[in-house]
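Q: Questions regarding the structure given below will be posed in turn.
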Amino acid sequence: MAESVPVEGTCEPRFERVRKAFVENFTSRNELGAAAAVTLDGKPVVDLWGGWADEAKTAPWTRDTIVNVFSTTKGLTAICAHRLVDQGRLDLDAPVAKYWPEFAQAGKQNLPVRYLLSHRAGLPAIRKPLPTQALFNWETMTSALAEQDPWWTPGTKHGYHALTYGWLVGEVIRRITGRTPGTYFREEIAQPLGLDCHIGLDPKHDARVTDILAAPAPAPGAPNPFLEMMKDPESVAAKTLSNPPDLIAPHTVNSRAWRGAEIPAANGHTTARALARVYGALSRGGEIDGVRILTPASIERCHTEQSCGPDAVLLLSTRFSLGFMMSQPDPGASLGPNPRIFGHPGAGGSLGSGDPDAKVGFGYTMNRMGAGVLIDPRAQALIKAVYESLG
């Protein structure tokens, strides 16, 4: 172990390969600060953290450091929707407009809820220009989506709803429960499980948050998927990333406004430990320590493929269930060897996933973003080590 890299936590001897891969992320894969956690049949077997919470390397990443996990948040929001199905309050085949009447505009009156979760709704972006800071105003974003006509005939193809997913699914949650999605998640899932996991972060936690550092620019001549997406400013891909104009700016995601807002597709703040615990519950039938989060029927939906193939937004192939990403057609974007693994990565590297076959819950968080689009090499190295440890 490199003595210059502070790594702490616990790791059962059987999973020593995971510790080794975690350290190698620092020495060989440009890691700055990170955490990794694994549960096996609900029991914590890996809980590691290390490196630095700041670019100057003056503040160590501690046990309780939390960080924004971008689209890893989508999986948490999906759990809320599936829980409402279990409670008999949400029908995935019902029109969205049943719960959100204003959504019926622009020919969307029959669009089913399942299309929101499977990225088939045709609403990954808003055409009309939105002002700076609009993403912090729930009513502005949901009203714009209710008015928006789909970019394609819903159900005919899929395209990653990178930010709009959260307002679309979140507004359905809000209309059904009378609670914001962040409140519903906290009261129904985070608090019962004891998760240090937040969609909408109270300022009292700010001292524990590590800033996100932008990914390094791709090497000259290397593929740059985001540049490709932005080539045509009026395209659905470009609008997904640039409307509102401050959507993905580095200063935005480290601001108090971003941390405090509820953006259920992208601004969850959490630990790797919390991700491993919640997915650990899902990987063993939906229950852990006497707390049931989902029924087995819901978990079956979590790993049943809904969308697979060319992605109309990301300009590559993607594969989704209802609210979760699955192992991708590209072997370099696998979540592991078993067919029923599901979860969600976040921009730059973070990942939460569950494996019902191995009963594994996995969580990885970091503060230095990588340049990949799907599964980051650092997370891949950790996943590989987990399954090698299982034998």
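Just so you know, all these numbers are worked out from the coordinates, no wet-lab data involved. Computed from a prediction, not measured in an experiment: that's the story for all the values here. Every residue, glycine as well, gets a Cβ built from its backbone with ideal geometry; the counts of neighbours run over all protein chains shown.
Q: On the first, second and third principal axes, largest extent first, how far apart are the outermost C-alpha atoms of the chain in Å?
A: Per principal axis, max minus min of the Cα coordinates gives 60, 49, 42 Å.
Q: Something else about it: Multiply the residue separation of D357 and E300 by 0.36 nm, subtract the distance between their alpha-carbon atoms, and state the gained length in nm to one decimal.
A: 19.3 nm
Q: Under a GNM of the chain (C-alpha, springs under 10 Å), which listed residue has the highest mean-square fluctuation: T132, T295, T271?
A: So, out of T132, T295, T271, the one fluctuating most is T132.
Q: Across the stretch 227-237, in residue order, what do the Karplus-derived ³J(HN,Hα) couplings come to in whole Hz, using 6.51 cos²θ - 1.76 cosθ + 1.60 with θ = phi - 60° and x for Gly and Pro?
A: 5, 4, 5, 8, 4, 10, x, 9, 6, 4, 5
Q: Oh, and also: Can you pull the one-decimal nm distance between simple spin-label points at A249 and A59, each 7 Å off the Cα toward Cβ?
A: Distance between the two pseudo-spin positions: 2.3 nm.
Q: Mind listing the phi-derived Karplus ³J(HN,Hα) values for the stretch 165-178, rounded to whole Hz, using 6.51, -1.76 and 1.60 with θ = phi - 60°, and x for any glycine or proline?
A: 3, x, 6, 5, 5, x, 5, 4, 4, 5, 5, 6, 9, x
Q: Quick check: the angle from helix 272-282's long axis to the longest principal axis of the chain, C-alpha only, nearest 10 degrees?
A: Tilt of helix 272-282: around 60 degrees.
Q: Show me the ranking of peptides 347-354, 196-203 by mean Cβ neighbours inside 10 Å, starting with the highest.
A: Result, highest mean Cβ count within 10 Å first: 347-354, 196-203.
Q: Okay, moving on. Sticking with the crude label model, points 7 Å out along Cα→Cβ, report the distance from L390 to R127 in nm, one decimal please.
A: Simple spin-label model gives 4.6 nm for this pair.
Q: If you take all C-alpha pairs in the stretch 166-246, what percent of them are over 15 Å apart?
A: Considering the stretch 166-246, 74 percent of its Cα-Cα pairs are separated by more than 15 Å.
Q: Ordered by residue, what ³J(HN,Hα) values in Hz, to whole numbers, does the stretch 193-201 give under the Karplus form 6.51 cos²θ - 1.76 cosθ + 1.60, where θ = phi - 60° and Gly and Pro are x?
A: 8, x, 8, 8, 8, 9, 10, x, 9
Q: In square nanometres, what is the average projected area of the Cα convex hull of the stretch 227-328?
A: 8.5
Q: Could you size up the charge dipole of the chain around its Cα centre, putting +1 on the beta carbon of Lys and Arg and -1 on that of Asp and Glu, and report it in debye to the nearest 20?
A: The calculated dipole for the chain is roughly 340 debye.
Q: Given H placed 1.01 Å from N in the peptide plane, which residues other than close sequence neighbours of I288 have an amide H under 5 Å from its amide H?
A: HN-HN under 5 Å from I288: I293.
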